[in-house]
């Protein structure tokens, strides 16, 4: 009898925990949207209500203060990013393709309000750690790691330096992200980065690699799915050719 009661209680807790997680995610998404537009100091606690968080009681159940919400946003953004690089590696044919796919993931992540809000918090120095410089360094180091793989495989030009290239990729992305405004008539960031790759890859990659790259429909590659904190559980990174789920086998189609 006792075990049946315990099982029933456990069964009741599971939906309750799921609702609690959903409420927390809804709160973070709403906060991220507000922070990204209004900034941390321009956002009042009442602005964070709604979208699944109907009361201040629900807010304070999950977070002790507005600053705690900010810290959770940045933590959520950082934790979800840890899963992206391994997924990219599983489907990429080589280090240079992986670099392009990693940048694709960054572009798609900017669609997630949690990431946008966390980015604004980092720029405004609302949280102590991580700093914006540290987050940029993480991404730059991952890019350099992929470029080192490409260099080992003989895909880079002899004079190409992985560290310098990684810095240029991050700087080139940041500049294009700044001028790309979804609400304006400007070109989307995805298209801007495609133009960047079209001009930049021939400068760093061997002619043989570039010839094989341009022979593929790389501009028509599929966008990643589930790369943001809200839906990281359904993460899918697609390589060139047939889409491959991040949890599936890697296609045997290296470019070198």
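If I filter the range 142-162 down to residues being exposed (fewer than 13 other Cβ atoms within 10 Å of the Cβ) and free of Cβ contacts under 8 Å to residues at least 60 places away in the same chain, which single residue comes out as nearest to residue 99 (Cα to Cα)?
Residues of the range 142-162 exposed (fewer than 13 other Cβ atoms within 10 Å of the Cβ): 152, 154, 158-159.
Narrowing the set further to residues that are free of Cβ contacts under 8 Å to residues at least 60 places away in the same chain leaves 152, 158-159.
Working: 152: 15, 158: 18, 159: 19 Å.
Per the stated criteria, the residue is 152.
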*Would you please name the residue that is modelled with the highest pLDDT, looking only at residues in the range 46-60 that are touching a helix residue (DSSP H, G or I) at 6+ places or on another chain (Cβ under 8 Å), outside any strand (DSSP E or B) and under 11 Å from residue 23 (Cβ atoms)?*
59
*asked:* Scan the range 147-167 and tell me whether some residue there is part of a helix (DSSP H, G or I), in contact with a helix residue (DSSP H, G or I) (Cβ under 9 Å, 6 or more places away or on another chain) and modelled with pLDDT under 95.
replied: no
*Can you name the residue in the range 175-211 that is outside any helix (DSSP H, G or I) and at pLDDT 90 or above and, of all such residues, is nearest to residue 164 (Cα to Cα)?*
205
*In the range 109-141, which residues are surrounded by fewer than 20 Cβ atoms within 10 Å (Cβ to Cβ), within 14 Å of the chain's Cα centre (by Cα) and at pLDDT 95 or above?*
140
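The values are calculated or read from the model by the stated rules, or taken from the named source; none is laboratory data. On a predicted model such as this, the values are computed, not experimentally measured, just so you know. Note: ideal-geometry Cβ built from the backbone for every residue, glycine included; neighbour counts use all protein chains shown.
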